[in-house]
Amino acid sequence: MAEDRLVLVADDEPALRETAAFILESEGYRVVLASNGEEALAVARREAPRAALIDVNMPRKNGFDLCRAFRADPALAGMYVILLTARGQKTDEAEGLAAGADAYLTKPFDDEEILARLAKVFEG
């Protein structure tokens, strides 16, 4: 069912949002988009996606804070969260994982890795 394959993509860069959406939709996922952290939280609460691709550096709530907000919300706590970022330092990755992310991937992201991780979430 399409609702079962719903993914939130949140990034303040329109080109990255659209690229990720195109890749996911071409693999049969339904995608909802957000351009900042507050919008992403509102969309997640309204749509209840099973997974999210979240940029770390966004306005109005960064990816770390957004991930913590997801984990604090009982309705969203089980969502699979992949943080995507240009921040590739180990300390950044540790902060993302401590915030509750399931994965921390650097940009430019590997389409196949994201699709493989999502396949495990939706088919596992």
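What follows draws every value from the coordinates through simple rules; no lab data is involved. Given the structure is predicted, the values throughout are model-derived calculations rather than measurements. Cβ sites come from the backbone with ideal geometry, for glycine too, and all protein chains shown count toward neighbours.
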Starting from the eigenvalues of the Cα gyration tensor, five times each then square-rooted, give me the equivalent ellipsoid semi-axes of the chain, largest first, whole Å. 19, 16, 14
Distance between modelled label sites at GLN89 and ASP12, nm, 7 Å Cα→Cβ extension: 1.9
Counting only residues 5 or more places away or on other chains, whose amide H sits under 5 Å from the amide H of VAL31 once H atoms are built in the peptide plane? VAL7
Neighbour-count ranking for LYS107, LYS120, LYS61 (other C-beta within 10 angstrom, fewest to most) reads LYS120, LYS107, LYS61
Per the rule of 0.36 nm per residue minus the C-alpha distance, extending THR19 to ARG68 adds in nm 15.1 nm
So what is the calculated 222 nm ellipticity per residue for the chain, using -39500 (n - 2.57) for each DSSP H run with n of 4 or more, over all residues, to the nearest 500 deg cm²/dmol? -13500 deg cm²/dmol
Taking Cα pairs under 8 Å and at least six residues apart, what relative contact order does the range 16-75 come out at, in percent? 29
What is the set of long-range amide H partners of TYR80 at a cut-off below 5 Å, with H atoms built 1.01 Å from backbone N? ALA51, ALA52
Whole-number percent relative contact order across the chain, with pairs defined as alpha carbons under 8 Å at least 6 apart: 22
Distance from the range 90-123 to the range 1-72 (C-alpha centre basis), Å: 13
Starting from 0.36 nm per residue, how many nanometres of slack lie between ALA98 and GLU38 once their C-alpha separation is accounted for? 19.6 nm
Pulled fully out, how much extra length does the chain show between ARG46 and ALA77, if you take 0.36 nm times their separation in residues and subtract their Cα-Cα distance? 9.7 nm
Within the range 101-123, name every residue whose backbone N is under 17 Å away from a label modeled 7 Å from Cα of ARG30 along the Cβ vector. 122-123
